[in-house]
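Q: Input: one structure, supplied below.
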Amino acid sequence: MGDASRIASAEKSGNTSKVLSVAWREFKYTALTKGFLFSALILPFGMFLLMLVVMPLLMSQETPPLKGTIAIIDPTGLVAPEVTHDFGELRGSGEPATAGTSASSSAKKLADAITRPQSIDISVEATRDPADADALRERVRRNELLALAVIDPKIVSRDPGDATIQLLVPSGSSTIHTGIYLDVLKGATLRARVEASGEDYAAVSKLFASPRIDTQRVSERGETAKEQRDLRMIIPIGFMLILWICTFTSGQYLLTTTIEEKSNKVMEVLLSAVSPMQLLFGKILGQACVSLVMFAVYGGVGSFGIVMLKMLDLIPGSLVVYLILYAVMAYFMVATIMAAVGSAVSDLREAQSLVAPVMVMLMVPLMLWLPISQNPNGMLATVTSFIPPLIPFVMILRVSASTEPVAVWQVIASMVVGFGATIGMVWVAARIFRIGVLMQGKPPTPLELLRWATYK
Amino acid sequence: MTATITPRIASMIRPASASGAAIVLTKVDKHFGNTHAVRSLDLVVPHGSICGFLGPNGAGKSTSIRMIMSIFYPDSGEVRVLGGSALENKDKIGYLPEERGLYRTMRVAEFLAYLGRLKGLTASAASKRALAWLDRIALPGVAKKRCQELSKGMQQKVQFIAAVLHEPDLLILDEPFSGLDPVNARLMMRLIDELHQEGRTIIFSTHQMHTAEKLCDRVVLINRGQKLLDATLDEVRTAFDPRTLAVEPLRTEVAGGQFDRHVTSLPGVMGVERDDERENTWLVHVDRNSDPQPVIAAIAASVPLRAIALKQVSLEKVFVDIVEASGETAPPLHGDSTTLTEQG
């Protein structure tokens, strides 16, 4: 080996060592800090636990008690007793009435669906005379009655047609309470109608009981597991959220550390030792490692959940490969944008105006996750799969949807377009970074940023 | 607007030979928007020299230094540092920028070791040298402190260490003495002198003329991006020789009348005036065509003296004279709404 090639080799190794030094500092001062441990790891899990456990408890305490009188004008005399019966069962602790075919099944469903009031104590004032309507209506207006229900006599006939129950509540009535009245009235009217037609409600309701269907999923290996449709829906959004959180968190760190280096005036010291490109790639590499840590933690927790729910058969090996490839694509797209913006501004406030449009665009997959994951080959999903900043996020939703396979050519095309765009973005960001790191003063407009990219 | 170059100023642009020079700038131009920051600058800094880079605020010193460092690139012209570009020779160059910057939460030793690694040192060598330099620069016990805990002067000394840690061949210091108290300024001067004695080439910008006078063997003065002076200190002193004697007689009354009248009558003397700065001292102006030595001898022979000396021009006076002769003080910066940092 000649002298020249030895020198070139030493320089190359020196350059690599500088990039690695920058990357290690970036990683150390981001990931090995209490702030990171708290904000990127503990806080999200804390929030999750809060939502899962604490929030329902807190919300149950906030529902107002339901006490007072409801008036019913029931010319048939059949509905009011059923209503009285239902409220009687709900009275006291607010516990749901007994299950099965009892009159209170609707109230129970309600109780299951929403957070119930701490206590329910309602008396029913029934009358058959429609002439009492005005007086009762006045009492509703004066808040003396919780509600007034006016029963159309035809509503208990075999053919109720357009018959309607009119329910009047004070304008300040809680929507939760109104929901309870509605549910009780519906259940009571149904029972009254069945009884009026001479049928046995208990027998009829058994006839109409929904059949139980035990769905089993058979994996490619022939193993069966209980199909959980709701949980399956979580997989695409789970994958996308992991991608989104991990790339954006480290992207945000990249933005703030770059701004910090500018505002601390340490940038010029660094540039006397490394080139802007070495600095940029070192920072991107360091934050990529931060992102990797987050992937490992969040992905690990997600994988544990998938194993516990016996849904591992829904995560084929190819999906993991896609996740890695799209994660690399997503990270470089987000990181280059953040590094370019960070280099061009002097503080976080200035950065917001430049980052905001990008953030809005990247929120699109979050907003469209349901239609895309339900119909991964639809027009919306296909089109958004080829818009560069959205590609990795939309594609991970599509390939993990597991409802219908995405055409291989589309996966390949999205990779080609996505990585092509990523290379372009890295190139543009590098040129902006080179100019931006030494800029002071008023922040540039997006057009000025693009102009920097064309400077020699 | 350009600086006016009078014939006398033009005579003081005597660049050193470019062969074997540490820094060579050839016809370098730099614009920021509408501002012409550096104009056709030619500069040669010989190897092993210590060069003062002088000029009023906004003259283009920092911009020139940043172009030397390849942090900025010239619009036209050529910059060669240590035979190549600064990018190729970064590890052989130490740089103390005008705007001091440290990682606030990083510990001092760690910060220095980090920059040492970026300058091509191994981690252990960088750490050892950092600790040695902290002792040398009178900052013991700060190694484990966070940079934000240091005073401004201490931070500046830490940055100086960062610039010299890797033992560079070329040291570029932008305002190294600003913000330092007299004790630390003196320490810094001593260290710079020691580094110069070790054979390093040093270029530094400063507003402190007396410091430049003490340290430099060469000075370059620029204003409005234009070079107005480029010469060795001896050349400057010769060219700006005031041809004035400071004379302190034992008494003002001499045989034949008063001191001033007597001395004015001597051959080669143009005039005599009292020195406003020193009591009982007279300034004797020697004719431009006469040798001061016979005049000194004639005064000493005819008047009992306490002291007599040929006055030396101060660099500060040269600076002020040249800048004023060139037509003004520092120009305001007005360029694009967004401007590159330009304070030199």
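Q: What net charge is computed for the residues neighbouring residue A:289, neighbours being all others with C-beta under 10 Å from the C-beta of residue A:289, Lys and Arg scored +1, Asp and Glu -1? Display every interim value, and only then the final one.
A: Details: positive: A:28; negative: A:26.
Every neighbour counted, the sum reads 0.
Q: Suppose each label sits 7 Å from its Cα in the direction of the beta carbon; what would the residue B:107-residue A:43 distance come out to in nanometres?
A: Label at residue B:107, label at residue A:43, 2.7 nm between them.
Q: Roughly speaking, what is the stretch gain from residue A:318 to residue A:453, that is 0.36 nm per residue apart minus the C-alpha to C-alpha distance, in nm to one decimal?
A: 44.9 nm
Q: So, one more: Rank these for me by crowding, B:145, B:30, going from fewest to most other beta carbons within 10 Å. Intermediate results must be reported in sequence, preceding the final value.
A: Values: B:145 15, B:30 24.
Neighbour counts put them in this order, fewest first: B:145, B:30.
Q: With each label point set 7 Å from Cα along the Cα-Cβ vector, what nm distance links residue B:190 and residue A:158?
A: Label at residue B:190, label at residue A:158, 11.6 nm between them.
Q: Hey, another quick one. Could you work out [θ]222 nm for chain A from helices alone, using -39500 (n - 2.57) per DSSP H run of at least four and dividing by all its residues? Round to the nearest 500 deg cm²/dmol.
A: Helix-only estimate at 222 nm: -20500 deg cm²/dmol.
Q: Would you mind putting A:138-146, A:170-178 in packing order, based on average other-beta-carbon counts within 10 Å, highest first?
A: Highest to lowest by the protection proxy: A:138-146, A:170-178.
Q: Same structure, new question: Provide, as a two-decimal number, the C-alpha radius of gyration of the protein assembly as shown over 2.2 N^0.38 Å, N being how many residues it has.
A: The protein assembly as shown yields a ratio of 1.52.
Q: Angle, helix B:123-136 long axis vs. longest principal axis of chain B, Cα atoms, 0 to 90°, nearest 10?
A: 30
Q: So what is Rg over Rh here for region A:359-456, counting just Cα atoms and using Kirkwood for Rh?
A: Dividing the radius of gyration by the Kirkwood radius yields 1.12.
Q: If you add up the charges near residue A:239, with Lys and Arg at +1 and Asp and Glu at -1, over every other residue whose beta carbon is less than 13 angstrom from its beta carbon, what do you get? Walk me through the numbers on the way to the answer.
A: On the way: positive: A:232, A:398; negative: none.
Here the charged neighbours net out to +2.
Q: I need the Debye-formula profile for chain B: one equal scatterer per C-alpha, no solvent, reported as log10 I(q)/I(0) at q = 0.10 1/Å, two decimals.
A: -0.70
Q: Apply the membrane-span-like helix rule to chain A: whole DSSP H runs, Cα extent along the own long axis of at least 18 Å, mean Kyte-Doolittle hydropathy at least 0.0. List the helices found.
A: Details: long enough: A:3-31 (41 Å, -0.49); A:175-196 (31 Å, 0.31); A:229-263 (51 Å, 0.61); A:276-308 (47 Å, 1.44); A:317-344 (41 Å, 1.92); A:348-367 (26 Å, 1.38); A:408-436 (41 Å, 1.46).
Qualifying helices, which must be both long enough and hydrophobic enough, are A:175-196, A:229-263, A:276-308, A:317-344, A:348-367, A:408-436.
Q: Sticking with this structure for a sec: Provide the gained length on full extension for the span residue B:124 to residue B:197, in nm with one decimal, where the gain is 0.36 nm per separating residue minus the Cα-Cα distance.
A: Full extension from residue B:124 to residue B:197 adds 23.6 nm.
Q: Please arrange B:315, A:49, A:270 by how many other C-beta atoms lie within 10 Å of their C-beta, fewest to most.
A: A:49, A:270, B:315
Q: Sticking with this one: Taking R0 as 22 Å, what FRET efficiency do you get between residue B:251 and residue B:309 from their Cβ-Cβ distance, rounded to the nearest 0.05? Walk me through the numbers on the way to the answer.
A: Numbers: r = 19 Å, r/R0 = 0.85.
Between residue B:251 and residue B:309 the formula returns 0.75.
Q: With a 10 Å cut-off between alpha carbons and a GNM built on chain B, which of B:139, B:25, B:170 moves the most?
A: Fluctuation is largest for B:139.
Q: Would you tally the net charge around residue B:160, using a Cβ to Cβ cut-off of less than 11 Å, leaving residue B:160 out, and scoring K and R as +1, D and E as -1?
A: +3
Q: I've got another one for you. How big, on average over all directions, is the shadow cast by the Cα convex hull of chain A, in nm²?
A: For the Cα atoms of chain A, the hull's average projected area reads 32.7 nm².
Q: Would you mind checking A:265/A:442; B:92/B:227; A:265/B:61; A:265/B:27 for any pair whose Cα atoms are more than 23 angstrom apart?
A: With Cα atoms farther than 23 Å apart: B:92/B:227; A:265/B:27.
Q: Another question about this same structure. At a 10 angstrom cut-off on C-beta neighbours, averaged per residue, how do the peptides A:432-444, B:123-135 rank from highest to lowest?
A: By packing density, highest mean first, the sequence is A:432-444, B:123-135.
Q: Enumerate the calculated ³J(HN,Hα) couplings along region B:44-53 in order (Karplus 6.51 cos²θ - 1.76 cosθ + 1.60, θ = phi - 60°), each rounded to whole Hz, writing x wherever the residue is Gly or Pro.
A: Once θ is set to phi - 60°, the couplings for region B:44-53 become 10, 10, x, 4, x, 8, 10, 10, x, 10 Hz.
Q: Rounded to two decimals, what is Rg over Rh for region A:279-375 when you use alpha-carbon atoms and the Kirkwood radius?
A: 1.05
Q: Just rank B:61, A:34, B:214, fewest to most, by other beta-carbon atoms within 10 angstrom.
A: Neighbour counts put them in this order, fewest first: A:34, B:214, B:61.
Q: Do the sum for chain B: with -39,500 (n - 2.57) for every DSSP H run of n ≥ 4, divided by all residues, what is the mean residue ellipticity at 222 nm, to the nearest 500 deg cm²/dmol?
A: The helix-only estimate for chain B comes to -9000 deg cm²/dmol at 222 nm.
Q: Still on this structure: I'd like the FRET efficiency for residue B:136 and residue B:270, computed as 1/(1 + (r/R0)^6) with the beta carbon distance as r and R0 of 56 Å, rounded to 0.05.
A: Step by step, r from the Cβ atoms, then E = 0.65.
Q: Could you work out the mean count of beta carbons from other protein chains within 10 Å of each residue's beta carbon in B:60-66? Don't skip to the answer; put the middle values down first.
A: Numbers: counts 0, 0, 1, 0, 0, 0, 4.
Mean inter-chain Cβ contacts per residue within 10 Å come to 1.
Q: 5 Å is the cut-off here: which amide hydrogens, built 1.01 Å from N in the peptide plane, fall below it relative to residue A:145, excluding neighbours closer than 5 in sequence?
A: A:140
Q: Need one value for B:94-101: mean number of C-beta atoms belonging to other chains within 10 Å of its residues' C-beta atoms.
A: That works out to 5 on average.
Q: Taking the Cα centre as origin and putting +1 on Lys and Arg beta-carbons and -1 on Asp and Glu beta-carbons, what dipole magnitude results for chain A, to the nearest 20 debye? Before the final figure, lay out each step's value.
A: Values: 39 positive and 37 negative charges, 400 e Å.
About 1920 debye.
Q: Using the crude model of +1 on Lys and Arg Cβ and -1 on Asp and Glu Cβ, and no other charge, please compute the dipole size for the protein assembly as shown relative to its Cα centre, in debye to 20.
A: Roughly 1500 debye, rounded to the nearest 20.
Q: Restricting attention to region B:187-285, which GluC sites (Glu not before Pro) occupy a DSSP loop and are surrounded by at most 16 other Cβ atoms within 10 Å?
A: B:198, B:277, B:279
Q: How high is the FRET efficiency between residue A:166 and residue A:206 when r is their beta carbon distance and R₀ equals 30 Å, given to the nearest 0.05?
A: 0.40
Q: Taking 0.36 nm per residue of separation and subtracting the Cα-Cα distance, what length does fully extending residue A:304 through residue A:174 add?
A: Using 0.36 nm per residue and subtracting the Cα-Cα distance, I get 42.7 nm.
Q: Whole-Hz ³J(HN,Hα) for each residue in region B:142-148, computed from phi via Karplus 6.51 cos²θ - 1.76 cosθ + 1.60 with θ = phi - 60°, x for glycine and proline: what do you get?
A: 9, 3, 9, 7, 6, 4, 5
Q: At 7 Å along Cα-to-Cβ for each site, give me the label-to-label distance between residue A:404 and residue A:224 in nm.
A: 2.8
Q: Please compute, for peptide B:106-117, the average count of beta-carbon atoms on other protein chains lying within 10 Å of each residue's beta-carbon.
A: Working: counts 5, 0, 0, 0, 3, 3, 0, 1, 7, 7, 2, 8.
Counting other chains' Cβ atoms within 10 Å and averaging over B:106-117 gives 3.
Laboratory data are not the source of any read-out in this text; all were calculated from the coordinates shown. Because the structure is predicted, anything quoted here is derived from the model rather than measured. Because the Cβ atoms are built from the backbone with ideal geometry, glycine has one as well, and the counts that use them run over all protein chains shown.
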